[in-house]
Number of protein chains: 2
Amino acid sequence: MNRRKTKSKRDVLEALKSKGSAMSHEMLEAVVEDYNRATIYRILNRFREEGIVHRIVGVNGKQYFAICTNCEKENHNHNHIHFQCNTCEKVECLNEELQINLPKGYVLEGFNGLVSGLCSNCS
Amino acid sequence: MNRRKTKSKRDVLEALKSKGSAMSHEMLEAVVEDYNRATIYRILNRFREEGIVHRIVGVNGKQYFAICTNCEKENHNHNHIHFQCNTCEKVECLNEELQINLPKGYVLEGFNGLVSGLCSNCS
DNA sequence: TTGTTATTGCGATAATGTTGCAATAATACA
DNA sequence: TGTATTATTGCAACATTATCGCAATAACAA
């Protein structure tokens, strides 16, 4: 399974990079060329497999994707909080790490910490 | 808009109480009598409006509902973390409070902190 | 240039959740 | 108790998000 470089991938990656904050499928569709819905989803999931982006689940239950910035190749570092504005629905990463203590016998695999409220533009 | 007591409400509330952890619509449907899907959703949303339950969004994007235990009537206290097992999909509250610092101009309205991994039964 | 196969588009499908409307039933009140 | 009011329910339809199978296309290696 060798990956191939395609325009659609470049476009999606470009969009995510220039946006800076997390994007939903809907937001991506509005920005990139007219690709099929399934195509965008598949690209995003492939990126996620490859560790290029990480996924955040919004308060609305939607998936958001953001470029991995502080992540090592193997040691993904996603224990930071995200913020979603209740008005404009923008999702962004907060520079706040969390220390999480789980009860005995529990194994941590991921963390999706989402603060909701109003961003500086909407407050 | 005066609320009325119905069997369906009693059943849903009873199910949530005896379960102890958060439940999705699917889980509720399997436990309570055969009510219409819309009915259960409406009951849950009414409970939420009244502050009887709070809602958690799972890593799968689904809604989960749990009885409010430490919440005051007006001052809801939902800044605690939830845990969802990646195997059995159970959602439960962790007794861990968080201190969240938002950037200037941001207003906090809610927090949905979800740790995913393996619970003690599945690890 | 050609063969292999990763990728795409299309359509169908699944799952979750909400809404409008008519029928039903819980409650207040005569 | 009987009756009126209206909250609640069931049903069907709908909206949205996301995935999947399959055939066509296109990226890449040789």
Top-ranked residue of the range B:45-62 - restricted to ones that are under 19 Å from B:Ser18 (Cα atoms) and buried (at least 20 other Cβ atoms within 10 Å of the Cβ), ranked as modelled with the highest pLDDT: B:Phe47
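Per-residue answers, yes or no, for (1) within 11 Å of DNA strand D (Cβ to nearest atom); (2) within 10 Å of the chain's Cα centre (by Cα); (3) under 18 Å from A:Asn60 (Cα atoms):
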| site | (1), (2), (3) |
| --- | --- |
| B:Leu16 | no, yes, no |
| B:Leu28 | no, no, no |
| B:Glu33 | yes, no, no |
| B:Ile56 | no, yes, yes |
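Based on this model, can you work out whether A:Met23 counts as assigned to a helix (DSSP H, G or I), closer than 26 Å to B:Gly110 by Cα and modelled with pLDDT of 90 or more? Spell out how you get there, then give the answer.
Numbers: assigned to a helix (DSSP H, G or I): no; closer than 26 Å to B:Gly110 by Cα: yes; modelled with pLDDT of 90 or more: yes.
For A:Met23, the condition - assigned to a helix (DSSP H, G or I), closer than 26 Å to B:Gly110 by Cα and modelled with pLDDT of 90 or more - is not met.
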Those residues of the range A:51-63 which are assigned to a strand (DSSP E or B), touching a residue at least 12 places away in the same chain (Cβ under 8 Å) and within 11 Å of another protein chain (Cβ to nearest Cβ), in sequence order: A:Ile56, A:Val57, A:Gln63
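Can B:Asn45 be described as more than 22 Å from A:Lys62 (Cβ to Cβ) and within 11 Å of DNA strand C (Cβ to nearest atom)?
On the way: more than 22 Å from A:Lys62 (Cβ to Cβ): no; within 11 Å of DNA strand C (Cβ to nearest atom): yes.
No; evaluated as a whole, the condition is false for this residue.
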Any hit, the range A:82-96, residues being closer than 17 Å to B:Gly58 by Cβ, of a type outside the set (A, V, I, L, M) and modelled with pLDDT under 90: yes
Answer residue from the range A:105-122, given it is within 7 Å of chain B (Cβ to nearest Cβ) and not in a strand (DSSP E or B) and is nearest to B:Asn86 (Cα to Cα) among those: A:Tyr106
In the range B:91-104, residue surrounded by the fewest Cβ atoms within 10 Å (Cβ to Cβ) [restricted to those that are more than 7 Å from chain A (Cβ to nearest Cβ) and of a type in the set (Asp, Glu)]: B:Glu97
Unmet requirement for B:Lys7, which otherwise passes all of (1) of a type in the set (Lys, Arg); (2) more than 8 Å from DNA strand C (Cβ to nearest atom); (3) touching a residue at least 24 places away in the same chain (Cβ under 8 Å): (2)
Residue match in the range A:15-35 (condition: within 15 Å of A:Thr69 (Cα to Cα), within 11 Å of DNA strand C (Cβ to nearest atom), more than 14 Å from every other protein chain (Cβ to nearest Cβ) and of a type in the set (A, V, I, L, M, F, W, C)): no
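The values are calculated or read from the model by the stated rules, or taken from the named source; none is laboratory data. Source: prediction; values computed, not measured. Don't worry about glycine lacking a Cβ; one is built from the backbone with ideal geometry, like all the others, and counts go over all protein chains shown.
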